[in-house]
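Bear in mind that the values in this text are calculations on the coordinates, not laboratory data. Bear in mind the structure is a predicted one, so any value in this text is a computation, not a measurement. Glycine gets a Cβ as well: all are built from the backbone with ideal geometry, and neighbour counts include every protein chain shown.
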């Protein structure tokens, strides 16, 4: 198979921990089965990568003409059981302060219309995870925006006060239940295509398993609506006030809140922001809100640095007529900077915005929170403008806060990939930590 081959690795074992299925082809007759099984596993909930190892010697063998690709079978839509619907309806109707926690499974299931209708008709506020931004439009009155930053925010106070949490397409890896149900006080109604994971802080009263949209439609027709959630509206107003207060901030280096305010103005409702991993991701989670699903892509859970640039390439290939913006730190950008060549070669015009702080900002933030100081996280950067130009891209450097918005407008008019170097003031990070501590200790009402 690769005996004594140069640089031999056991690829099947190597890929097993990070894929849904990893198999080696050992004879030509098994190719069609292994490939069909790989796609079956990859496409089933929850979707993920599969790996196939094709050894060199096997690849050279002939294949019988009778061997054909296997048929891809369409699975029937799974419906929730009547008993599950009955228990869920009874639990929701008895709730005094229910809240919906929506996850990426709802996005994958294209359940945004059903969930928005469910929320609006029953008057139940919706909190989304980082990976479910836009599942309910951010300008909808019942949207309580995003949960998931390491520190507790306004939305944490609300979900911790809820007596019933209706999770829709939620995966515990998106935001661990011990962060919002650590006292196990809430009754949980789990609505998803799969049963709930096992977790001592996530013990649903009932699992409503089946097509998410159909489940929500059945529930909304049987549940009684609630009184307006005045506390949720109050918290939403507070979040909106914090968001707009940076609209005219002209400090430089720029505050992350101001950068994201300007980005939001330029992207429109269907522009796609791809967030890399770093301190900027925390600010995007809190300050960049979406009108539609899959318009703010955040790598969470495993949280892979370097995702933004390749993610922007794929996004532009799929949506050539939409604005695509990769937002990245300097560290994450340098991990995959070579992919600028790919973007130029494929003639893909999108924008990369670098939050430049010459540091691994998120690690620095955590070190300062825990130890009061940081070590071994600072570094020097290349000239990003010249680096971009060396790849055949257009480069810009922001030197004043009022330059960002017009630069973004000009960048999106270019015919080549564009890189914008913007100095960011992460002195705001410890201020946010302190602010969130104050929020956590405020009385809820």
Study note, to complete from the structure: Dividing the mean separation of Cα pairs under 8 Å (6+ apart) by the residue count of the chain yields a relative contact order in percent of 13 percent
Practice item. Within 10 Å, count the other beta carbons around each residue, average over each peptide in 122-133, 55-66, 313-324, and list them highest first. Key: 122-133, 313-324, 55-66
Practice item. Pull out the extension gain between residue 265 and residue 86, defined as 0.36 nm times the separation in residues minus the alpha carbon to alpha carbon distance; nm, one decimal. Key: 60.0 nm
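Please compute the alpha carbon radius of gyration of segment 1-75, then divide it by the globular-protein estimate 2.2 N^0.38 Å. Two decimals is fine. All intermediate terms of the calculation are to be shown ahead of the outcome.
Working: Rg = 13.8 Å, N = 75, 2.2 N^0.38 = 11.3 Å.
After normalising by residue count via 2.2 N^0.38 Å, the value is 1.22.
Please find the FRET efficiency linking residue 205 to residue 117, where r is the Cβ-Cβ separation and R0 is fixed at 22 Å, and quote it to the nearest 0.05. Before the final figure, lay out the partial values.
On the way: r = 23 Å, r/R0 = 1.04.
Between residue 205 and residue 117 the formula returns 0.45.
Step by step: find N for segment 82-235, compute 2.2 N^0.38 Å, then divide the Cα radius of gyration by it. What's the final number? All intermediate terms of the calculation are to be shown ahead of the outcome.
Working: Rg = 13.6 Å, N = 154, 2.2 N^0.38 = 14.9 Å.
The reported ratio for this selection is 0.91.
For Cα pairs less than 8 Å apart in space and 6+ apart in sequence, what is the mean separation divided by the residue count of segment 329-408, i.e. the relative contact order in percent? Working shown, then result.
Numbers: 58 pairs, mean separation 22.4, N = 80.
It comes to 28 percent, rounded to a whole number.
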Review point. Which whole-angstrom value gives the distance between the alpha carbon centres of segment 367-445 and segment 154-168?
Key: 31 Å
Check your understanding: From the Cα gyration tensor of segment 279-351, with a ≥ b ≥ c the square roots of its eigenvalues, which class applies: rounded if a/c is under 1.5, or else prolate if a/b is larger than b/c, or else oblate?
Key -> oblate
Check your understanding: So between residue 222 and residue 29, what do we pick up on full extension, going 0.36 nm a residue minus the alpha carbon distance?
Key -> 64.2 nm
Check your understanding: What FRET efficiency do you get for residue 345 and residue 386 if R0 is 25 Å and r is their Cβ-Cβ distance, rounded to the nearest 0.05?
Key -> 0.80
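What are the semi-axes of the equivalent ellipsoid of segment 217-326, taken as the square roots of 5 times the eigenvalues of the Cα gyration tensor, listed largest first and rounded to whole Å? Display every interim value, and only then the final one.
Numbers: eigenvalues 158, 98, 38 Å².
Working from the Cα gyration tensor, I get semi-axes of 28, 22, 14 Å.
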**Study point:** Using a Förster distance of 30 Å, the FRET efficiency for residue 248-residue 414 (Cβ separation, nearest 0.05)
**Key:** 0.60
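Only bridges whose two residues both fall in segment 300-445 count here: according to DSSP, what percent of them are antiparallel, nearest 5? Mind dumping the intermediate values first?
Values: 1 of 17 bridges.
Counting only bridges with both partners in segment 300-445, antiparallel ones make up about 5 percent.
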Exercise for review: Show me 157-170, 413-426 ranked by packing, highest mean number of other Cβ atoms within 10 Å first.
Suggested key: 157-170, 413-426
Revision key, fill the gap. Length gained, residue 358-residue 238, 0.36 nm per residue minus C-alpha separation, equals 39.9 nm
Exercise for review: For segment 246-433, calculate the relative contact order in percent as a whole number, restricting contacts to Cα pairs under 8 Å that are 6 or more residues apart.
Suggested key: 26 percent
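How big is segment 89-150 by the Kirkwood estimate over distinct Cα pairs, in Å? Provide the component values of the computation, followed by the final result.
Details: mean 1/r = 0.0844 Å⁻¹.
Mean inverse Cα-Cα distance, inverted, gives 11.9 Å.
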Point to revise | Estimated inter-spin distance, residue 197 and residue 39, nm [label 7 Å along Cα→Cβ] | key: 2.9 nm
Review point. So, how do all the Cα-to-Cα distances of the chain break down into 20 Å bins, in percent, from 0 on up?
Key: 23, 50, 25, 2
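How big is segment 172-228 by the Kirkwood estimate over distinct Cα pairs, in Å? Present the calculation step by step, with values, prior to reporting the outcome.
On the way: mean 1/r = 0.0784 Å⁻¹.
Its Kirkwood hydrodynamic radius stands at 12.8 Å.
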